[in-house]
Amino acid sequence: NRLSFRNNMCIEIYDSVTVSYSSISCYKESVKLTKEKRDFIYSNGSEKGFEFVDSKVNSKYLMYGVKLENGKFAFVQVRLEPVDSTVSILKSQLLLISVLLLLLSIFVAFIVSRRISKPIEKINDNAKKIVNGEYDLVLDNNNAIDEIRELNETLKYTSEELGKTESLRREFMSNVSHDLKTPLTMTKNCLRIRWKVC
């Protein structure tokens, strides 16, 4: 009974043409002497497997008959599940899983792209500020992506160095213009006072 219940199969033992045992998984209609069982019992064969259709429940069955040593016959019967319904169930489940995975992958791609593209847009905006001569940038170095954090640090270093270069350039221009003013002023004064030795 445990074997029959666990494997969802009907096990019957016939003493000639009468049932001496049927397992709990056998439904009442199956516990009868069918043509297939009778043919096997009256044949001299020791074992035989066959397939039949029960028109009352519209199901296919696979049956295996064995002649036992004590003159009894054992029949093991299992219901064959229709393959078409299994295939259609698997197709619908596969379609559902595919759609769910597609939606999930689109969602994950959207989140990941936002997480990567937003910091890159900020870096691009800061690079444009550097081009316009703004060197005091506020950069976000708390990004979880190492490459973006490193790019931010490089951009910050670049802006600091360009800021130093710009300040040195201004200082240089200021000094040069100051240094040029003194001789120019003297030359101007000399030209005002004619022929005076300067």
Can you give me the solvent accessible area of E153 with a 1.4 Å probe, rounded to the nearest 10 Å²? 100
Starting from the eigenvalues of the Cα gyration tensor, five times each then square-rooted, give me the equivalent ellipsoid semi-axes of segment 37-144, largest first, whole Å. 77, 15, 8
Using unit Cβ charges (K, R positive; D, E negative) and no other charged atoms, how large, in debye to the nearest 20, is the dipole of segment 63-173 about its Cα centre? 660
Dipole of segment 65-129, positive end: most advanced residue of L68, I111, L80 [Cβ charges, Cα centre]: I111
Checking the cross-link filter: which aspartates and glutamates have an alpha carbon closer than 19 Å to that of K128, excluding same-chain neighbours under 8 positions apart? D136, D140, E150, E153, E160, E161, E166
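Report the relative contact order of segment 53-148, percent, no decimals, based on alpha-carbon pairs under 8 angstrom and at least 6 residues apart.
Reported relative contact order: 14 percent.
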Using a basic spin-label model with each label point 7 Å from the Cα along Cα→Cβ, how many nm lie between A144 and D125? 2.2
Please work out how much length the chain gains when fully extended from V19 to E69, using 0.36 nm per residue of separation minus the C-alpha to C-alpha distance, in nm with one decimal. 16.3 nm
So which of K35/K91; K118/K164; K129/K164; K48/K72 end up more than 26 Å apart by C-alpha? K35/K91; K118/K164
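The values are calculated or read from the model by the stated rules, or taken from the named source; none is laboratory data. Quick caveat: nothing in here was measured; it's all calculated off a predicted structure. Because the Cβ atoms are built from the backbone with ideal geometry, glycine has one as well, and the counts that use them run over all protein chains shown. When the accessible area is computed, the model is the full protein with side chains, heavy atoms only, and any ligands, DNA or RNA have been set aside. Shrake-Rupley method; radii C 1.70, N 1.55, O 1.52, S 1.80 Å.
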